[in-house]
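The values are calculated or read from the model by the stated rules, or taken from the named source; none is laboratory data. Note that the coordinates shown come from a computational prediction; the quantities given were computed from them, not determined experimentally. Here the Cβ positions follow ideal geometry from the backbone for every residue, glycine too, while neighbour counts run over all protein chains shown. Please note that ligands, DNA and RNA were not included when accessible areas were found on the heavy atoms of the full protein model with its side chains. Shrake-Rupley method; radii C 1.70, N 1.55, O 1.52, S 1.80 Å.
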Amino acid sequence: MNRKFDVVIVGGAATGSSLAYFLSASPSFQGSILVIEKDASYQKCATALSAASIRHQFSTPENIQLSQFGTDFLRRIGQALEVDGDQPDVGFQEKGYLFLATPGGEMIMRENNKLQRSLGADIELKSPSELQATWPWLNVSDLALGSYGVRGEGWLDAYGMMRAFRRKALSQGVTYLEDEVVALNKTRSTVTGVTLKSGETIECGTLVNAAGTAAARLSAQVGVVLPQESRKRCVFYFTCPEKLPDCPMVIDPSGAYFHPEGEGFIGGIQPPPEQDPECFDYDVQHTLFDEILWPVLAERVPAFEALRCEHAWAGHYDYNTFDQNVILGYHPDVENMVYANGFSGHGMQQSPAVGRGLAELIEFGQYRSLDLSRMGWERVLNNQPIVEQNIW
Ligand SMILES: Cc1cc2nc3c(=O)[nH]c(=O)nc-3n(C[C@H](O)[C@H](O)[C@H](O)COP(=O)(O)OP(=O)(O)OC[C@H]3O[C@@H](n4cnc5c(N)ncnc54)[C@H](O)[C@@H]3O)c2cc1C
């Protein structure tokens, strides 16, 4: 006889394991939960390969609030995810983002700041002279304004956070299975279960698509086109002979970013559109560093003329080609399938709030803590993109 679970989650990284944790932590939820993860080493998933940073500097209220809950959760993650007296430490470094704007970007930065502050985000605007006084190693000659996260932003060990979610979910009775979903079984508008690579078939009440960059393929099996592609993003680790005191996560107007990491820094930049096709390999684009990133970094921080790239890796964004924001919740054509896809570079920081939100949606049929309905399928089906100004 086939096994049956009330909720089957495909993908057990940050999103899937956060949801498994929040749902199994709900005292009123009595159902069974299965997480199916094809690679329990998690070596290639976006969560493990991410730059693992969290910010409140968005231009969409929901994106700000999703990350604000992420920060709250990270501050108390040790207690929340404690198992047998062992409290996880995910090394959350609350150090702030520094977005930089040229005169062309000043107005939008000021508008974003108003929204961010109205939602309680502790973000300060700084003039070029204030920027220079605070970070003397920065070249501010072309800048009109900076926007600095005083509290709440920073970076962490994303792999550690994901493992902590998973371990706590297991301790709360969630079942994890290492196998690959190769087919979704469906009758009319209902997913009845999944077929696994091992040949087993499992029946489900609710099916959750938390399959990261594989989500569009999974969705196609129920006839729903998910506007998502796998886009390669490279992260470079480099050292520099000169120290940069109090270095935050710096976001250059070009979109290049860097922050301190151990003895050095990590940084990256989005490739130009013509070099950014759908992509599944993990080869590092070294020319991106030599020809684009390094010149930009050295212009912004003259000390970086002397940097040395030590190593690099490539991962994949779950890139929403429609509007680069997460698509959350049910699709009207498939009554029991929940989506959490298309994060486009924000999924790690949004995973605590998305896990909590989807747990509420599945158990109660509605969001209770934070209304995430605007992030649902309706905007996609009605062709009304949510325009987030701070995508990079
Ligand atoms: C280089 C890089 C830098 C990033 N930087 C940041 C950042 O600074 N901040 C931030 O918030 N986000 C960042 N992101 C984005 C973030 O990492 C992702 O949005 C987030 O990790 C997505 O989590 P997920 O659990 O939804 O997907 P994933 O982490 O991709 O996990 C999906 C899981 O599903 C499994 N799976 C897939 N198909 C199947 C199947 N058929 N059967 C069973 N299992 C399956 C996979 O094995 C995988 O473990 C970055 C991403 C990259 C690549």
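For segment 109-197, chymotrypsin sites (Phe, Trp or Tyr not before Pro) are listed when DSSP marks them as loop and at most 15 other Cβ atoms sit within 10 Å of their Cβ; the list is empty. Lys/Arg Cβ at +1, Asp/Glu Cβ at -1, dipole of segment 1-139 taken about the Cα centre: which of Asn2, Thr134, Pro27 is farthest positive-ward? So the residue furthest toward the plus end is Asn2. Using the average count of surrounding beta-carbon atoms within 10 Å as a protection proxy, the listed peptides 29-36, 350-357 rank, highest first, as 350-357, 29-36. The convex hull around the C-alpha trace of segment 262-303, projected and averaged over every direction, spans 4.1 square nanometres. Qualifying trypsin sites (Lys or Arg not before Pro) in segment 53-145, where qualification requires a DSSP coil assignment and no more than 12 other C-beta atoms within 10 Å, comprise Arg76. Only the Cβ atoms of Lys and Arg (+1) and of Asp and Glu (-1) were treated as charged; on that basis the dipole of the chain about its Cα centre amounts to roughly 860 debye. Taking every protein chain into account, the accessible area of the chain amounts to 41 square angstrom per residue (probe 1.4 Å).
Against the empirical curve 2.2 N^0.38 Å, the C-alpha radius of gyration of segment 141-238 lands at a ratio of 1.58.
Quick one: Debye curve from the alpha-carbon atoms of segment 16-155 only, equal weights, vacuum; give me log10 I(q)/I(0) at q = 0.10, 0.21 Å⁻¹ to two decimals. Evaluating at q = 0.10, 0.21 Å⁻¹ gives log10 I(q)/I(0) of -0.48, -1.31.
Pairs of Lys residues in the chain that lie 8 or more places apart, or on two chains, and have C-alpha atoms under 18 angstrom apart add up to 8.
Database remark: amide H of Leu145 closer than 5 angstrom to the amide H of Ala101 (H placed geometrically; neighbours at sequence offset of 5 or more, or on other chains; Pro and chain starts carry no H).
The share of alpha-carbon pairs in segment 73-147 lying farther apart than 18 Å comes to 55%.
In the assembled protein chains, Phe99 presents an accessible area of approximately 20 Å² (probe radius 1.4 Å). Projecting the Cα atoms of Met375, Ile64, Tyr148 onto the charge dipole of the chain, computed from C-beta unit charges around the Cα centre, puts Met375 farthest toward the positive end.
A DSSP coil position with no more than 11 other Cβ atoms inside 10 Å describes the following GluC sites (Glu not before Pro) in segment 215-310: Glu263. I need the calculated FRET efficiency for the pair Ser141 and Ser171, taking r as the beta carbon distance and R₀ as 41 Å, to the nearest 0.05. Taking R0 as 41 Å, the efficiency between Ser141 and Ser171 is 0.15. Work out the P(r) tail for the chain: percent of alpha carbon pairs separated by more than 41 Å, whole number. Cα-Cα pairs in the chain separated by more than 41 Å: 13 percent.
Tell me what the chain gives for mean residue ellipticity at 222 nm when only DSSP H runs of n ≥ 4 count, each as -39,500 (n - 2.57), the sum divided by the residue total, rounded to 500 deg cm²/dmol.
Mean residue ellipticity at 222 nm (helix-derived): -8000 deg cm²/dmol.
Direction-averaged projected area, Cα convex hull, segment 276-392: 10.0 nm², rounded to one decimal. Beyond 19 Å, the tail of the calculated P(r) for segment 187-266 holds 60 percent of the Cα pairs.
Placing +1 at every Lys and Arg Cβ and -1 at every Asp and Glu Cβ, with all other atoms neutral, what dipole size does segment 1-110 have around its Cα centre, in debye to the nearest 20?
That gives a dipole near 280 debye.
Rounded to the nearest Hz, the phi-derived 3J(HN,Hα) couplings of segment 33-45 under the Karplus curve 6.51 cos²θ - 1.76 cosθ + 1.60 (θ = phi - 60°) are 10, 10, 10, 9, 10, 6, 9, 5, 7, 6, 5, 9, 6, where x marks glycine and proline.
Whenever you get a sec, compute what percent of the accessible area on the chain sits on carbon and sulfur atoms (1.4 Å probe). The value for the chain is 48 percent carbon and sulfur by accessible area.
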